[in-house]
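Just below is one structure, and these are the notes that go with it.
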Amino acid sequence: MFSHVMLGANDVDASKGFYDATLGAIGAAPGRVDAKGRVLYAHGGGLLMLGKPIDGEPACHANGGTVGFLADSSEAVDAWHAAGLAHGGTAIEDPPGVRAGSFGPLYLAYLRDPAGNKLCAIHRLPA
């Protein structure tokens, strides 16, 4: 359904460090910077891009929005969370762990990135 996710960042270098660490924890290569200064990550069929807003206004997070990243294991979710905390992220909601939901058991962790975007790493557990 989605072709890509683009997130605004006021400090692109800080955001790149955060996403290189967190996405690296779930198997993605470090982001590459294009000619326009945007950072691009391609992994598992998805594309994430970071950059300063093209209208020149400050980047801000979406209230109520969340970007979710798939992980291959609960250990990868924990590594993602730890990498994020070590690279300028902020822990939010409950600590990483199992949640029961309408989609079956999930192992989740939540963070805010350096720009304030709400993120989730998720591993789907066997029913």
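The values are calculated or read from the model by the stated rules, or taken from the named source; none is laboratory data. Quick caveat, the model's predicted, so the values are computed rather than measured. Cβ placement follows ideal geometry from the backbone for every residue including glycine, while neighbour counts extend to all protein chains displayed. Please note that ligands, DNA and RNA were not included when accessible areas were found on the heavy atoms of the full protein model with its side chains. Shrake-Rupley method; radii C 1.70, N 1.55, O 1.52, S 1.80 Å.
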*asked:* I'd like the orientation of helix 12-25 relative to the chain: the angle between its Cα long axis and the longest Cα principal axis, in ° from 0 to 90, rounded to 10.
replied: 30 degrees
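Report the relative contact order of the chain, percent, no decimals, based on alpha-carbon pairs under 8 angstrom and at least 6 residues apart. Mind dumping the intermediate values first?
Working: 265 pairs, mean separation 33.7, N = 127.
Taking the mean separation of contacting Cα pairs over the length of the chain, I get 27 percent.
Counting Lys and Arg as +1 and Asp and Glu as -1, each charge on the Cβ, what is the dipole of the stretch 17-127 about the Cα centre in debye, to the nearest 20? Mind dumping the intermediate values first?
Values: 8 positive and 10 negative charges, 39 e Å.
The dipole magnitude comes to about 180 debye.
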*On a 0 to 90° scale, report how tilted helix 74-86 is relative to the longest principal axis of the chain, with both axes built from alpha carbons and the result rounded to the nearest 10.*
40 degrees
*Using only protein heavy atoms and a 1.4 Å probe, report how much of His43 is accessible, in Å² to the nearest 10.*
90 Å²
*Given the chain reduced to its alpha-carbon atoms as identical point scatterers, what log10 I(q)/I(0) does the Debye formula return at q = 0.12, 0.14, 0.23 Å⁻¹?*
-0.43, -0.58, -1.48
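Going by accessible area, probe 1.4 Å, with all protein chains left in place, what is the ranking of Ser15, Ser102, Ser3, Ser73, largest first?
Working: Ser15 5, Ser102 120, Ser3 85, Ser73 30 Å².
Largest accessible area first, the residues go Ser102, Ser3, Ser73, Ser15.
Out of the DSSP beta bridges found with both residues in the chain, what percent are antiparallel (nearest 5)? Intermediate values should be presented prior to the final figure.
Details: 19 of 27 bridges.
If I count the DSSP bridges inside the chain, around 70 percent turn out antiparallel.
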*asked:* As a test of reading the structure, rank Phe69, Phe103 by solvent-accessible area (1.4 Å probe, protein chains only), most first.
replied: Phe103, Phe69
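Suppose the chain between Phe103 and Arg124 were pulled fully straight at 0.36 nm per residue; how much longer would it get relative to their current alpha carbon spacing?
Working: separation 21, 0.36 × 21 = 7.56 nm, distance 0.86 nm.
Result for the pair: 6.7 nm of gain on full extension.
Could you list the trypsin sites (Lys or Arg not before Pro) in the stretch 59-119 that lie in coil according to DSSP, counting only those with at most 13 other Cβ atoms within 10 Å of their Cβ?
Values: sites: Arg99, Arg112, Lys118; in loops: none.
Sparse-neighbourhood loop trypsin sites (Lys or Arg not before Pro): none present.
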*Which residue, Pro96, Pro114, Pro105, tops the fluctuation ranking in a GNM of the chain built on C-alpha contacts under 10 Å?*
Pro105
*Please list Lys16, Lys36 in order of solvent-accessible area, largest first, computed with a 1.4 Å probe with all protein chains present.*
Lys36, Lys16
